[in-house]
Each structure stands twice: as C-alpha cells, then as structure tokens.
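Where a number appears in this text, it was derived from the coordinates with a stated rule and is not lab data. Owing to the predicted nature of the structure, the values given are computational and were not obtained by experimental measurement. Ideal geometry is used to build each Cβ from the backbone, glycine not excepted, and the neighbour counts take in all protein chains shown.
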Amino acid sequence: MATNRTFQGPKGTRDFYPPEMAIRRHIERVWHSASVDSGFEEIEGPMFESLELYTVKSGPEIVSQLFSFRREGGEDDYALRPEFTPTLARMAAVKGKSLALPTKWYSIPALFRAERPQRGRLREHNQWNVDLIGTTGASADIEVISTALLALERFGLTNEDVQLRLSHRGLVARILETLGVAEDRLVDAFQLLDRRDKMEDADFKEKAASLGLDDEGVARFDAAARSTARLSEPLSTLAEALGVPETALEDLAELREGLLAADLADWCVLDIGIVRGLAYYTGMVFEIFATQGVERAVLGGGRYDQLIEIFGGPKLPACGFGMGDVVLGLVLAEKGLLGEDGGVSLLPRPDAFVVSTCDEADAGVEALMVTLRRAGLHARRSYKSTRNVGKLLSDAGKCGARTAVILDQAVLEGTVGLKDLDGGEQVTTSLDQLADAIALLTGKQGA
Ligand code: HAM
C-alpha cells in the first residue's frame, strides 16, 4: 500500500492562495494599465529557451543561476528563462527589418533563477518588462523611465518612498579610464562595482588592485563607487561632486534636462555605483530602491544598443527595465499600500450574496444564480443549511458582498428582500427587477 506523504513546493517558489493571488492581480493590473497608457503593447515568449541564448551575452552571474536541462535522450540544452531581455531581443531579431520603429513592447513573464532564497530573492518571480526598440537618445530613455514611475505612483508610492538611481556606463567608463583601468578590463570593473555593496572592503580592494589600480587608484575607485548627486543640481556641481571634468557628464546632459522638464528629476539621483550586473548594457543604466526598509532593487534597467544585432537582427538600439513583484510587494506592504489583511481586501467584492431561509425557496436558488450572473453580476450564495438569517448573512459580510438577497416564502409570490450591506437599508423587490435593483446599488448598470 502506498504511504501518504506531504509535499512542499520547491525551495524559493510561492503558492498563491486567493488573498496572495489578489495581491498579485492588483500588481499586474497596475503594470498593465501603466504600460497600455504609455503606449506599450503586450508580448509573451516561451518559458524556456536554448541555453546558449543566455550564455552569449547576459554575463556570468545570471549564467551561474540558470536552471538548465536536457530532454531525456535529447541532445539540445535548454534553460528556464532567468530574464526576459534575451527572449525579447531574439523576437525583435526574428522580425528584423519588418519591425515598425519604434517598437514598444511590455510583458509580465515568470522568471527562474537558482539563487539562494532570501528576503526579496526567490527562485521564481514575476517581472514586468518594458522595452522601447529602435530609437536612441534621451527621449526614449525618459519614456521608459516615466512608465516605471507612473506605475509606482499608481501604487500610491511617492518620491519620498522610492528613488531612481541613475548612471551611465559611458560616464563610469570615463572615470575608470582616468583611474587607469584598461579598456579590456572595463566589463570586469563594471561587475566589481555592481557587487561593491555585497563585498568586504579587503576583498573589494584586492579585486580592484587586480584591475591594474595602485593604492590611490583603488581609493578613488571606491570613492567613485559611492558618489551620488542630486539630478536637480547643475552639471558643473555634479561634476565637482563626482571629481570629474564637466565633459565627462555630457552623456547625461540631455537625459537630465528631459527629466527636469518632465518634472521627474525629484524622483532621481545620480549614483556612480549603479552599473548593473548584466553584461549587455551600453549606456544609461538605472535601478529603483525604496528609501528605507527594503534593501534590494525594485527595478533594474538600461540601454542595450547591441543585443538585437548580436542575436542576428538588424542594428537596433533599445532600452528598457524589469520590475520584480517580490521586492515591489515587500515595499508596498511596508508602506501599507496592500491593505492590512494580507490581500483579503483586494479580493473582488461580490455584488450579491443570496441566502434562502426556507425549504420552499431552496428550489429556486440555482436558477436565480444563473439569472444574476447572466446579468453581469458577481453573485455568490450560501451553502449552509441553517435557517438563521444572522448566521447566513455573516458569510455575506466575510466575503465583502455589497448586497444580500434574502429568499423566504414570499418568493412564491415573486418577491425577495434586498439588503444594502454597506448602507444597511432593506427593501422588498420583485424577482423580475432584482438584477436591475442590484446593478443600481452597485453601480453596475448596463453590465
Ligand atoms: P535584473 O536587475 O536582473 O534585470 O532584474 C530586475 C528586477 O527583477 C530586480 O530589480 C528585482 O526586483 C527582480 N528580481 C531579479 N531577480 C530576482 C529574484 N531572484 N527574486 C525576486 N526578484 C528578482 C533584468 O532582469 C533585466 N533583464 C531587465 C531589463 C529589461 N533590462 C532591459 N529590459
């Protein structure tokens, strides 16, 4: 006889019961609305790709986190997607020259990374991707950035809660070159900068020295990694704060002006320590962090002008970002923006909750449910056998129903009680007009 055993979900994955699912749907609704209102169109790709798609250009960190596999008896290597950008670049490359420019795509894929699970890091997460293909220049960057900020505003966050940390790989490269880092070591230096916060001082210094820096160079490299400046400051002040000539900031000048003009500069700070771990970024890079409470980035993105060409497509510049639901959920919960009840208040509220208080009325309940639902109403019923109206209605309260429909003997004459559970009033209405009366109370007329 088989023994019973219980199973847990794999390490670093989540089960979504209805309240958690309600939070997830709330997050996705805002992501969809911010994307669509900003003119992005939704796409999707496969959950797994050829392993090579990730080993070509994503960088060693992500490759070390791949869930890769080979079909039993097969010869091809695949990996569950750890990020969406390679799929998007592949899809753009396939369309090639037929792609309308600019192309504005968004997607909300589930992604898989074999990371050590911890607060803000799981092995499966959902990530909102927004990407604009086919234009260079600050105006495309600003459109992408403003879409991210639009969503954060719609969640109820302000520029006191979150901050966009902005940098430019061109600027960081110039700083590194003045410090004496050779061009062919720049990618290593970027990776080191990206990991700076997670490293011990001694380890950082040793790795920085291995890039060819002397003691003074290492100290200046470290100081540069920690340099930040407000975007609203003039460029000359920014340059001074960063210890570089003003010309080193020219890559950022247009972007800074655009962000100021769009009234977004107050959300942003220039941070030389932001270079991003992924290898394909070529210009502007940014991350968004909560100002307190949650350490990990809510979002990361930037410009990647060569990836589509690397995947065999035309020379098409692109920029975009990914915002993860795990870190975002932590930030929203910390700010009380998901309600205080773990998602229960985000569950859809029924328009009507039907209860029957006598045997004669029981027989008509199913037919009434069908009628109400056909009228476009979210209708639920009690499955309890008690005839106590108070007990029956307690379930209506628990699921947050807007109205209760109370069936008793009068239903044989064609009337029912309709109680407004928000206002408390109860009226008698004919069965024929019940759906209209509920729609009037719940604002669902014409549903
Ligand atoms: P990323 O920085 O690797 O960028 O991920 C973006 C965001 O996804 C992170 O800031 C974080 O919120 C979330 N995230 C990443 N890994 C995990 C994880 N293991 N658990 C929970 N959340 C996670 C990219 O993936 C780029 N492909 C984004 C992009 C799109 N760049 C241009 N277009």
Would you work out which of G424, L332, T291 lies farthest towards the positive end of the dipole of the chain, given +1 charges on the beta-carbon of Lys and Arg and -1 on that of Asp and Glu, about the Cα centre?
-> G424
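At 0.36 nm per residue, and after removing the present C-alpha to C-alpha distance, how many nm does the segment from Q445 to D341 gain when stretched out fully?
On the way: separation 104, 0.36 × 104 = 37.44 nm, distance 3.00 nm.
Taking 0.36 nm per residue and subtracting the Cα distance, the gain is 34.4 nm.
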Projected label distance in nm at R387 and A223, using a 7 Å step from Cα toward the beta-carbon = 8.7
Give me the distance in nm between label points sitting 7 Å out from Cα along the Cα-to-Cβ direction at A261 and E28, one decimal.
-> 3.8
Could you check the simple spin-label distance between D188 and S232, using points 7 Å along Cα→Cβ, in nm with one decimal?
-> 4.2
Taking a spot 7 Å from the Cα of E425 along the direction of its beta carbon, which residues of region 337-371 have an amide N less than 19 Å from it?
-> 351-353
For R381, other-chain or 5+-apart residues with amide H closer than 5 Å (H placed, Pro excluded) are V354
To the nearest 0.05, the calculated FRET efficiency linking D436 and D214 through their beta-carbon distance, R0 being 56 Å, is 0.10
Please work out how much length the chain gains when fully extended from R121 to F48, using 0.36 nm per residue of separation minus the C-alpha to C-alpha distance, in nm with one decimal.
-> 24.3 nm
Among G400, G243, N126, pick out the residue whose Cα is farthest towards the positive end of the charge dipole of the chain, where Lys and Arg carry +1 and Asp and Glu carry -1 on C-beta, about the Cα centre.
-> G400
Within the chain, which complete DSSP H helices have Cα atoms spanning at least 20 Å along the helix axis and a mean Kyte-Doolittle hydropathy of -1.0 or higher?
-> 18-37, 138-154
Of the candidates S98, S33, A363, the farthest towards the positive dipole end of the chain (Lys/Arg Cβ +1, Asp/Glu Cβ -1, centred on the Cα centre) is A363
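Using Cβ contacts closer than 10 Å as the measure, can you line up I274, I145 from fewest to most? Mind showing how you got there, number by number?
On the way: I274 25, I145 28.
In order of increasing Cβ crowding within 10 Å: I274, I145.
In debye, nearest 20: dipole of region 40-141 around its Cα centre with unit charges on the Cβ of K, R (+) and D, E (-)?
Details: 13 positive and 15 negative charges, 41 e Å.
In total the dipole reaches around 200 debye.
Assign unit charges at the C-beta atoms only (+1 for Lys and Arg, -1 for Asp and Glu), then state the dipole size of the chain relative to its Cα centre in Debye, rounded to the nearest 20.
Working: 50 positive and 68 negative charges, 258 e Å.
Roughly 1240 debye, rounded to the nearest 20.
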Which of the lysines could be linked to K11 by a straight reach, that is with a Cα gap under 25 Å, when you skip same-chain ones fewer than 8 residues away?
-> K198
What is the fewest-to-most order of C358, C268 by other Cβ atoms lying within 10 Å of their Cβ?
-> C358, C268
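Given a Förster radius of 45 Å and the C-beta distance between A110 and D305 as r, what FRET efficiency does 1/(1 + (r/R0)^6) yield to the nearest 0.05? Can you show the working numbers first?
Values: r = 28 Å, r/R0 = 0.61.
About 0.95, to the nearest 0.05.
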Got a sec? How would V162, V405, V269 order by Cβ neighbour count within 10 Å, fewest to most?
-> V269, V162, V405
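Explain nothing, just the number: dipole magnitude of region 348-442 about its Cα centre with +1 on each Lys and Arg Cβ and -1 on each Asp and Glu Cβ, in debye rounded to the nearest 20.
Details: 11 positive and 13 negative charges, 101 e Å.
It comes to approximately 480 debye.
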Where is the GNM fluctuation largest for the chain (alpha-carbon springs, 10 angstrom cutoff): H125, H168, H378?
-> H378
